[in-house]
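Visitor: So that we are looking at the same thing, I have put the structure below in structure tokens.
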Amino acid sequence: MTFSLDIKDESTRASLGARASMPVKESLVGLTREEMAEALSGIGIPERQIKMRVQQLWHWLYVRGVSSFDDMFNISKDLRATLARHFNIARPEIVEEQISNDGTRKWLFRFPPRGAGRPVEIETVYIPEEGRGTLCISSQVGCTLTCSFCHTGTQKLVRNLTSEEILAQLLIARDRLGDFPERDTPDGAIVPAEGRKISNIVMMGMGEPLYNFEAVKKALLIASDGDGLSLSKRRITLSTSGVVPEILRTGEEIGVMLAISLHAPDDDLRDLLVPINKKYPLEQLMDACRKYPGLSNARRITFEYVMLKDVNDSLDHARALVNLLRGIPAKINLIPFNPWPGTNYQCSDWETIEKFADYINNAGYASPIRTPRGRDILAACGQLKSESERLKKHERLALEAMMIANHGEA
């Protein structure tokens, strides 16, 4: 059964760090160590103390997961008060939390205004699986790419997220899942006794990460910092629709795993499905992939391929895909299309998807078929959209009817 929690009452919002009524202060979340040191120097912290204070704050923010200076018990009360006057480390507001019947969770977060802007909302998804848990993080509010099969792409870009807002999605998810040590856990504990619930993160939520390169870079380097959140770079995947100039930089400056939102094996079809292909056609994209730093059989590129009935799912398409990727250490994730109201696409028949996968597997490429997760709460691939664009009730009913017709499930 789908569970939806609307977080409306004031006490719950306050306990989860709602900040709408707070004065605007610089956040320490999302700053590099150098930036944090500069911020502390700016409020008069003695130079001889700054390195120690940065280490303390880093530990409390990213190992212990605190969201209030009051919880930093090894920092003096006076200094905590000084920090609280100048800086903010509170979480953004959780507007809604939905839990799918398959255990997938989706959160709707509201971030406060930036400058003369307005509050913005984004969605983040957690997918529990056997042996791991994956958090799907957004990098922008909306998207500019207008991929024709993607629900997120029908929402116009509002703005880029900051490094703080990107990291906040991970911090809140760990809060809600109990993935930070309890407050009275000995200092040496890094994760709860039962293990880490969020073991992997993927930049596959709302937006194109490489159109927000600097903020994404800063957030992912903090997420992978061994003295903090400590996620392995091999467990962080950045997905791009093909912003070719930034792909090499991603490997050199961030060093995470790369995924390409491909969906077509030739330029004519990809121009229709993924319009950025008109700017960066497949020849340029494949060249950038072949040059990706660290590329090997152990560090393959994942190519994402949504299965669209009678559009890109024939064996001729499979043959063209194998030829396109020849010589690139790769895995091809086949994604059954996730329907949304207003789309003209249908998901390929299951038999067609299996034949497509068999052909690619026989050609020597791993080709798993992704199990759709969180469809009942619109948390599946390509379905994310912020609260400002939420489905009306009749649209949800239309989606359920579509799913029953196409897949025999609600």
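The values are calculated or read from the model by the stated rules, or taken from the named source; none is laboratory data. Not measured: the values here are computed from a predicted model. All Cβ positions, even for glycine, are placed from backbone atoms using ideal geometry, and neighbour counts span all protein chains on display.
Visitor: Looking only at residues that are touching a residue at least 24 places away in the same chain (Cβ under 8 Å) and under 15 Å from Asp225 (Cβ atoms) in segment 32-54, which one is surrounded by the fewest Cβ atoms within 10 Å (Cβ to Cβ)?
Guide: Residue satisfying both the conditions and the ranking: Thr32.
Visitor: Now a separate question. Across segment 60-75, what is the number of residues that are aromatic (Phe, Trp, Tyr) and either outside the structural domain of Leu31 (by TED's automatic domain parsing) or assigned to a loop (DSSP other than H, G, I, E, B) (or both)? Give the derivation first.
Guide: Just the residues of segment 60-75 that are aromatic (Phe, Trp, Tyr), to begin with: 60, 62, 69, 73.
With either outside the structural domain of Leu31 (by TED's automatic domain parsing) or assigned to a loop (DSSP other than H, G, I, E, B) (or both) added as a condition, the list becomes 73.
Number satisfying all stated conditions: 1.
Visitor: Residue by residue through segment 237-250, note down the ones that are within 11 Å of Leu220 (Cα to Cα) and either among the aromatic types (Phe, Trp, Tyr) or crowded, with 21+ Cβ neighbours inside 10 Å (or both).
Guide: Keep residues of segment 237-250 that are within 11 Å of Leu220 (Cα to Cα), which gives 237-238, 250.
Hits for segment 237-250 are Leu238, Thr250.
Visitor: Pick from Gly294, Gly342, Gly327: which is surrounded by fewer than 19 Cβ atoms within 10 Å (Cβ to Cβ), assigned by TED's automatic domain parsing to the domain that holds Val244 and without any contact (Cβ under 8 Å) to a residue 40 or more places away in the chain?
Guide: Details: Gly294 fails: without any contact (Cβ under 8 Å) to a residue 40 or more places away in the chain; Gly342 fails: without any contact (Cβ under 8 Å) to a residue 40 or more places away in the chain.
Only one candidate qualifies: Gly327.
Visitor: Only one of Ile377, Ile369 is crowded, with 21+ Cβ neighbours inside 10 Å, at pLDDT below 95 and either among the small types (Gly, Ala, Ser) or in the same structural domain as Ser139 (by TED's automatic domain parsing) (or both); which? Let's see the steps before the verdict.
Guide: On the way: Ile369 fails: crowded, with 21+ Cβ neighbours inside 10 Å.
After applying the criteria, what remains is Ile377.
Visitor: Checking Asp78 against (1) among the charged types (D, E, K, R); (2) surrounded by fewer than 20 Cβ atoms within 10 Å (Cβ to Cβ); (3) part of a strand (DSSP E or B), which test does it fail?
Guide: The single condition Asp78 does not satisfy is (3).
Visitor: Answer yes or no as to whether Ala84 is touching a strand residue (DSSP E or B) at 6+ places or on another chain (Cβ under 9 Å), part of a helix (DSSP H, G or I) and at pLDDT 95 or above.
Guide: On the way: touching a strand residue (DSSP E or B) at 6+ places or on another chain (Cβ under 9 Å): no; part of a helix (DSSP H, G or I): yes; at pLDDT 95 or above: yes.
The answer is no for Ala84.
Visitor: Same structure again: Can you spot a residue in segment 46-59 that is part of a loop (DSSP other than H, G, I, E, B) and of a type in the set (A, V, I, L, M)?
Guide: So far as segment 46-59 goes, no, none of its residues is part of a loop (DSSP other than H, G, I, E, B) and of a type in the set (A, V, I, L, M).
Visitor: Right, next: Which of the helices (runs of 4 or more DSSP H) contained wholly in segment 190-292 include at least 2 residues that are closer than 26 Å to Leu108 by Cα?
Guide: On the way: elements: 213-223, 244-249, 267-273, 282-290.
Where helices (runs of 4 or more DSSP H) fall fully within segment 190-292 and carry at least 2 residues being closer than 26 Å to Leu108 by Cα, they are 213-223.
Visitor: If you scan segment 135-172, which residues turn out to be under 28 Å from Ile89 (Cβ atoms), polar (S, T, N, Q) and not in a loop (DSSP other than H, G, I, E, B)?
Guide: Gln140, Asn160, Ser163, Gln169, listed by residue number.
Visitor: Counting just the residues of segment 225-255 that are small (Gly, Ala, Ser) and in contact with a strand residue (DSSP E or B) (Cβ under 6 Å, 6 or more places away or on another chain), which one comes out farthest from Val63 (Cα to Cα)?
Guide: First, pick out the residues of segment 225-255 that are small (Gly, Ala, Ser): 226, 228, 230, 232, 239, 241-242, 251, 255.
Those left that are additionally in contact with a strand residue (DSSP E or B) (Cβ under 6 Å, 6 or more places away or on another chain): 239, 241.
Numbers: Ser239: 26, Ser241: 33 Å.
Out of the qualifying residues, it is Ser241.
Visitor: Still on this structure, I have one more. Go through segment 120-134 and report how many residues are at positive phi and part of a strand (DSSP E or B). Walk me through how you get there before you give the answer.
Guide: First, the residues of segment 120-134 that are at positive phi: 131.
Retained after the next criterion (residues that are part of a strand (DSSP E or B)): none.
Summing the residues that are at positive phi and part of a strand (DSSP E or B) in segment 120-134 gives 0.
Visitor: Could you grab me the full set of residues in segment 286-309 that are of a type in the set (A, V, I, L, M, F, W, C), touching a strand residue (DSSP E or B) at 6+ places or on another chain (Cβ under 7 Å) and under 19 Å from Arg249 (Cα atoms)?
Guide: Just the residues of segment 286-309 that are of a type in the set (A, V, I, L, M, F, W, C), to begin with: 286, 288-289, 295, 298, 301, 303, 306-308.
Now narrow it down to the ones that are touching a strand residue (DSSP E or B) at 6+ places or on another chain (Cβ under 7 Å): 289, 295, 301, 303, 306-307.
Residues satisfying the conditions are Cys289, Leu295, Ile301, Phe303.
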